[in-house]
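Enquirer: Input: one structure, supplied below.
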Amino acid sequence: MTPDTASHTASRFQALDLLSLLVAVLQSDGAVQFANAALENVLGLSRRTLEGVGFAQFFTDPALLHTALQGARSRDFAALRFEGSLKRLHQDPVLVHVSVTAAELSGQMLVEMWPLEQQARQDREERLREQAQAHKELIRNLAHEIKNPLGGIRGAAQLLEMDLQSPDLVEYTQVIIHEADRLQSLVDRLLAPHRHPHLVGDVNIHEVCERVRSLILVEYPQGLSIAQDYDISIPEFRGDRAQLIQALLNVVQNAAQALAPRIAQGDARITLRTRVARQVTVGRERYKLALELHVIDNGPGVPDAIRERIFYPLVSGRDGGSGLGLTLAQTFVQRHHGMIECDSVPGRTDFRILIPLP
């Protein structure tokens, strides 16, 4: 294919780059004429490398695609579908649902592929967002219902204390007042995410990272190292700097607390990594670019019992934890149309913060 022909082909099919699904346009002999950006990313190969190459060789079982292409050419079916496995450069194969359709006049074949893992992840993200929203509404309503009678209990205890003569009885009213204050503090923390105003300005994510890094190292001056792996080409974006600092601080503090045994040994490590992700889906919305911020630690991992619930209010994996830090972090990131995901195995936990970029 000449450079002029390749340029013309790219311009004809450039709209396919906006799609999240993987798309290849094949010539009648099964060679790649065009591959969209999503397919490039999954295969780890450039469009120029793919052009003119038989596409079947990228399947672990090439016969599946050959059979589908033959059926599409014969016009026996409007579209043929099968599940296959795409080979990737230096990575494990990815399972995909494949649809093959023949063009009416040109003889070209359109191959559309939906990564099964990606679809499952998107469904899980949507489910988690809906559950988190339901939990936030429940907690907010419950907190408001608790506040009024709690104030009455405290006030009644104070009035009762004024009329008591026995110091022993005053001790009991002090317990009531103290416990009422403790519950009031918990209620205030539950309501905190809804009370923060959203103040938008220009945000440099690396300034946010460095601020959090310095705060954590002051708290843990020995036994913990925080590595910086930054992509300095990431542009500034509009957001609430204070909320993003708090969100990242909560995630990194959570990692540091999980690393307590390794901090004592002196080999605890957290990595802050920033990258630009392309063609990202967050909450069913498709974005051309997104900030991808990873907080990676070498701790014991998230316990299986709470792995699916770590962003829910009052869920904590350690004794004495409030279970509100990650909930607040997720709330602040969602205010920026993003989300936080967690991938954890013993020895490596990766919190991935995604925020769309303009």
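Enquirer: To the nearest 20 Debye, how big is the dipole of segment 201-356 about its Cα centre, given +1 on the beta carbon of each Lys and Arg and -1 on that of each Asp and Glu?
Expert: Working: 18 positive and 18 negative charges, 59 e Å.
With only Lys, Arg, Asp and Glu charged at Cβ, the dipole is about 280 debye.
Enquirer: What FRET efficiency do you get for Arg348 and Leu183 if R0 is 45 Å and r is their Cβ-Cβ distance, rounded to the nearest 0.05?
Expert: Once the sixth-power term is evaluated, E becomes 0.75.
Enquirer: If each of Arg211 and Arg309 carries a label point 7 Å out from its Cα toward its Cβ, how far apart are those two points in nm?
Expert: For Arg211 paired with Arg309, the spin-label model returns 3.4 nm.
Enquirer: Taking R0 as 22 Å, what FRET efficiency do you get between Arg238 and Asn41 from their Cβ-Cβ distance, rounded to the nearest 0.05?
Expert: 0.25
Enquirer: While we're on this one: Quick check: residue separation of Ala31 and Thr281 times 0.36 nm, minus the Cα distance between them. What number comes out in nm?
Expert: On the way: separation 250, 0.36 × 250 = 90.00 nm, distance 2.92 nm.
This chain segment gains 87.1 nm when fully extended.
Enquirer: Further, regarding this structure: For segment 170-184, what does the Karplus curve 6.51 cos²θ - 1.76 cosθ + 1.60, with θ = phi - 60°, yield as ³J(HN,Hα) per residue in whole Hz, taken in order and with x for Gly and Pro?
Expert: Once rounded to whole Hz, the list reads 4, 4, 5, 5, 5, 4, 4, 5, 4, 5, 5, 5, 5, 5, 4.
Enquirer: What does the extension gain come out to for Leu142 and Glu219, with contour length at 0.36 nm per residue minus their alpha carbon separation? It would help to have the intermediate numbers written out before the result.
Expert: On the way: separation 77, 0.36 × 77 = 27.72 nm, distance 3.39 nm.
Full extension from Leu142 to Glu219 adds 24.3 nm.
Enquirer: Whose amide H sits under 5 Å from the amide H of Gln33, counting only residues 5 or more places off or on another chain, with H placed in the peptide plane?
Expert: Placed amide hydrogens put Val25, Leu26, Gln27, Gly52 under 5 Å from Gln33.
Any read-out appearing in this document is the output of simple, stated calculations on the displayed coordinates, not a laboratory observation. Everything quoted here is computed from the prediction, not taken from an experiment. No Cβ is skipped: glycine too gets one built from the backbone with ideal geometry, and neighbour counts run over all protein chains shown.
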